[in-house]
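Q: I have a structure I would like to understand better, so I am pasting it below and will then ask my questions one at a time.
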Amino acid sequence: MDLLTLPFMQRALVAALIIGLAAPALGIYLVQRRLSLIGDGIGHVALTGVGLGLLTGNDPVYSAVLVAAVGAVGVELIRERGRTSGDLALAMLFYGGIAGGVLLVGLSDNAGSNSLMQYLFGSLLTTSPGDLALIGGLGAAVLAAMLVFRPALFALCNDEEYARVSGLPVRTLNLLLAVTTAVTVTIAMRTVGLLLVSALMVVPVAAAQQVTRGFRSTMTLAMLIGVLAAGVGILLSAEANTAPGATIVLLALTAFVATAVGGALARRFRRGRERPPAATEPPDVVLHV
Amino acid sequence: MSEPASESSNSVVEVRNLAVGYDGREVLRDVSLSVAAGDVVAVLGANGSGKSTLIRTILGLVPLGRGEIDLFGVAQRRFRHWERIGYVPQRLGAGSGVPATVGEVVASGRLARRGVFRFPGPKDKAAVREALTAVGLLDRIGDPVTTLSGGQQQRTLIARALAGQPDLLVLDEPNAGVDAASQEAFAAALTRFAGAGGTILLVLHELGPLRPLIGRTVVVHDGRIAYEGAPPEPAGHHAEPGHEHVHPHADEAKPAICEWAPTEGTKAY
């Protein structure tokens, strides 16, 4: 693979590996909370940040981090306040974000569908050394936060009321999740693109949970799937000249299909061999999974 | 144990002239309630009477309208020692597709005591095992909670509360829709907790197998306390152990004191 001797390829690969590890580590909490689509929405908002950066001549990654973080905190405050109007408010925020982004990118000197496409779907060529340092630093911070606060975040996402009665700083933890979502979306936009970043948070988790029994093991396996899909995806897309983001996401989806089929077969096999479960009690409460 | 103010006073929960409303509708009116250390108090009432709102307000999950609530002798808004309270909700949180083992759920109960910044240590692990032993589920510690029956899930939630080694247990209809075997395991765990000097405040739909444990009942009707005193005598087949009910929650409160005694017509399976 002489492609790997090219510096931009090395940067793209390292960035993808960092994101492949960090995105599912965060995504598992979003999935647990049934907010699987939130990353997508924040991605829309981040596009306005990209537009602002291009228009003012700053690195779009910085402005995107800022705008996405503000948007994510806004989403969290809306979510906290109530449910009735929240759905509509989120929709307006997301569409405002993408419309603002398209408008601002169009106004900037770098106008042209090419630069917009790079941010929407990712590109191998756009990660500068400065970007890589930022991606590395922020990615490590996200990863550390997700691992260090795992017990607290698990308790929060599993049962928010219980977390409240336990005296946990529920609001701070919610805002932590919101801001780390924004950060992850933005650092992933160089490689996988804003429209596909959410997939890298959610699909590895969905794949992992087909075959795992606990939260911790799901998180570990999801990170493994994420980092593999990202690494292999970058190499494949360079060899086959395909879009990197799409390649990574399709690989992750392939992993999902594989674990779903494998998990179903394993369960059937186990059920066939084991004695029927000692049914002492009727299933009086059905959990809607 | 760590709060000097509470050592002097014996009061665990003190509610004075509480009023709570949602969207302009009053749910609780002028409710006062006092729970002392070692008390076992059951709050009874029909669906919609406000009994759940009462304990949810005590826990700070529902904002206080008017009145005052003290927890362990400290005003609720200034209360910080949440590790002294073990909360058992009606059922496992909505959860999601992400699997979690019984051990992981019960370990959440240690957070209040340990704090957010510390990693679980051997003490935490021992407390989790002890709590699971108390509810008879230690052998399921590594199983996903979704593979448990409703009664076993309820016992998991009790274990989560017990793992924090609280002084007060607050339970919201713990035996709704729970099979007889689990109800017994459950009653045994609560009896042990009360026997060790623990205080229990629980919302019940019917006394059932917990009856011998209950020291005092409070009947909430139409947002007010309609009766407070010794547990009412069991009446009819509803009081038989093992008699289970699941009730829809849209019932209108009817104007009678003992409407909390369920009727056959509302049984819903």
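The values are calculated or read from the model by the stated rules, or taken from the named source; none is laboratory data. The structure displayed is predicted, hence computed values, not measured ones. Positions of Cβ are backbone-derived with ideal geometry, glycine not excepted, and every protein chain shown enters the neighbour counts. The protein model used for the area step is the full one, side chains on, heavy atoms only, and it has no ligands, DNA or RNA in it. Shrake-Rupley method; radii C 1.70, N 1.55, O 1.52, S 1.80 Å.
Q: Among the candidates A:Leu195, A:Leu200, which residue alone is outside any helix (DSSP H, G or I), within 11 Å of the chain's Cα centre (by Cα) and not basic (Lys, Arg)?
A: A:Leu195
Q: Could you check the stretch A:1-20 and list, in sequence order, the residues that are among the basic types (Lys, Arg) and closer than 17 Å to A:Leu196 by Cβ?
A: none
Q: Quick one: A:Leu37 ticks every box in (1) of a type in the set (A, V, I, L, M); (2) under 25 Å from A:Leu228 (Cα atoms); (3) at pLDDT 90 or above bar one, so which box is it?
A: Evaluating A:Leu37 over (1) of a type in the set (A, V, I, L, M); (2) under 25 Å from A:Leu228 (Cα atoms); (3) at pLDDT 90 or above leaves (3) as the failure.
Q: Now a separate question. Could you check how many residues of the stretch B:177-202 are touching a helix residue (DSSP H, G or I) at 6+ places or on another chain (Cβ under 8 Å), farther than 18 Å from B:Thr156 by Cα and assigned to a strand (DSSP E or B)?
A: 1
Q: Can you tell which of A:Ala155, A:Ala133, A:Ala144, A:Ala208 is open to solvent by less than 30 Å² (accessible area, probe 1.4 Å) and either in contact with a Pro (Cβ under 9 Å, 6 or more places away or on another chain) or more than 11 Å from chain B (Cβ to nearest Cβ) (or both)? Walk me through how you get there before you give the answer.
A: On the way: A:Ala155 fails: either in contact with a Pro (Cβ under 9 Å, 6 or more places away or on another chain) or more than 11 Å from chain B (Cβ to nearest Cβ) (or both); A:Ala133 fails: open to solvent by less than 30 Å² (accessible area, probe 1.4 Å); A:Ala144 fails: open to solvent by less than 30 Å² (accessible area, probe 1.4 Å).
When all the criteria are applied, what remains is A:Ala208.
Q: Any residue in the stretch A:68-78 that is open to solvent by 30 Å² or more (accessible area, probe 1.4 Å) and closer than 26 Å to A:Ser108 by Cα?
A: Pass one, the stretch A:68-78, residues open to solvent by 30 Å² or more (accessible area, probe 1.4 Å): A:70, A:73, A:77-78.
Next cut, closer than 26 Å to A:Ser108 by Cα only: A:70.
Checked against the condition, which is being open to solvent by 30 Å² or more (accessible area, probe 1.4 Å) and closer than 26 Å to A:Ser108 by Cα, the stretch A:68-78 yields at least one hit.
Q: Still on this model: Any residue at all in the stretch B:164-174 that's under 22 Å from B:Leu61 (Cβ atoms) and assigned to a helix (DSSP H, G or I)?
A: Checking the stretch B:164-174: not a single residue is under 22 Å from B:Leu61 (Cβ atoms) and assigned to a helix (DSSP H, G or I).
Q: Quick one: which strands (runs of 3 or more DSSP E) sit completely within the stretch B:38-102 and have at least 2 residues that are farther than 30 Å from B:Pro144 by Cα?
A: In the stretch B:38-102, B:40-44, B:66-71 are the strands (runs of 3 or more DSSP E) which contain 2 or more residues that are farther than 30 Å from B:Pro144 by Cα.
Q: While we're looking at this one, here's another question. Restricting to the stretch B:60-83, give me the number of residues that are more than 18 Å from the chain's Cα centre (by Cα) and more than 13 Å from every other protein chain (Cβ to nearest Cβ).
A: 7
Q: If you scan the stretch A:158-205, which residues turn out to be surrounded by fewer than 24 Cβ atoms within 10 Å (Cβ to Cβ), facing another protein chain (nearest Cβ under 9 Å), in contact (Cβ under 8 Å) with a residue 24 or more places away in the chain and not aliphatic (A, V, I, L, M)?
A: Those that are surrounded by fewer than 24 Cβ atoms within 10 Å (Cβ to Cβ), facing another protein chain (nearest Cβ under 9 Å), in contact (Cβ under 8 Å) with a residue 24 or more places away in the chain and not aliphatic (A, V, I, L, M): none in the stretch A:158-205.
Q: From the list B:Arg140, B:Arg113, B:Arg91, pick out the single residue that is facing another protein chain (nearest Cβ under 7 Å), touching a residue at least 24 places away in the same chain (Cβ under 8 Å) and either surrounded by 17 or more Cβ atoms within 10 Å (Cβ to Cβ) or within 19 Å of the chain's Cα centre (by Cα) (or both). It would help to see each step written out before you state the result.
A: Working: B:Arg140 fails: facing another protein chain (nearest Cβ under 7 Å); B:Arg113 fails: facing another protein chain (nearest Cβ under 7 Å).
After applying the criteria, what remains is B:Arg91.
Results for (1) within 23 Å of the chain's Cα centre (by Cα); (2) within 7 Å of another protein chain (Cβ to nearest Cβ); (3) surrounded by 22 or more Cβ atoms within 10 Å (Cβ to Cβ); (4) more than 21 Å from B:Ala194 (Cβ to Cβ), shown as yes or no for each residue.
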site: B:Ile85; (1), (2), (3), (4): yes, yes, yes, no
site: B:Gly109; (1), (2), (3), (4): yes, no, yes, no
site: B:Pro120; (1), (2), (3), (4): no, yes, no, yes
site: B:Arg129; (1), (2), (3), (4): yes, no, no, yes
site: B:Leu132; (1), (2), (3), (4): yes, no, yes, no
site: B:Val145; (1), (2), (3), (4): yes, no, yes, yes
site: B:Gln154; (1), (2), (3), (4): yes, no, yes, no
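Q: Examine the stretch B:66-73 for a residue that is farther than 19 Å from B:Val218 by Cβ and open to solvent by less than 20 Å² (accessible area, probe 1.4 Å), and state whether such a residue exists.
A: So far as the stretch B:66-73 goes, yes, one or more of its residues are farther than 19 Å from B:Val218 by Cβ and open to solvent by less than 20 Å² (accessible area, probe 1.4 Å).
Q: Now a separate question. Please verify whether the stretch A:59-68 includes one or more residues that are farther than 30 Å from A:Val232 by Cβ and under 18 Å from the mean Cα position of the chain (by Cα).
A: The initial filter retains those residues of the stretch A:59-68 that are farther than 30 Å from A:Val232 by Cβ, namely A:63, A:66-67.
Those left that are additionally under 18 Å from the mean Cα position of the chain (by Cα): A:66-67.
Checked the stretch A:59-68: at least one residue is farther than 30 Å from A:Val232 by Cβ and under 18 Å from the mean Cα position of the chain (by Cα).
Q: Given B:Glu244, B:Glu264, B:Glu228, B:Glu233, which one is of a type in the set (D, E, K, R), surrounded by fewer than 21 Cβ atoms within 10 Å (Cβ to Cβ), modelled with pLDDT of 70 or more and out of contact with any Pro (no Cβ under 9 Å at 6 or more places or on another chain)?
A: None of the others qualify; the one that does is B:Glu228.
Q: Run down A:Ala69, A:Ala23 and say which single residue is part of a helix (DSSP H, G or I), of a type in the set (Gly, Ala, Ser) and over 15 Å from A:Val192 (Cα atoms).
A: Every option except A:Ala69 fails the conditions.
Q: Please go through the stretch A:31-65 and pick out each residue that is open to solvent by 10 Å² or more (accessible area, probe 1.4 Å) and among the polar types (S, T, N, Q).
A: Across the stretch A:31-65, the qualifying residues are A:Ser36, A:Thr48, A:Thr56, A:Asn58, A:Ser63.
Q: Return a yes/no flag: does the stretch B:173-188 have any residue that is modelled with pLDDT of 90 or more and open to solvent by 10 Å² or more (accessible area, probe 1.4 Å).
A: No, the stretch B:173-188 contains no residue that is modelled with pLDDT of 90 or more and open to solvent by 10 Å² or more (accessible area, probe 1.4 Å).
Q: Of all residues in the stretch B:38-50, which are open to solvent by less than 10 Å² (accessible area, probe 1.4 Å) and under 28 Å from B:Gly195 (Cβ atoms)?
A: Matches in the stretch B:38-50: B:Val41, B:Ala42, B:Val43, B:Leu44, B:Gly45.
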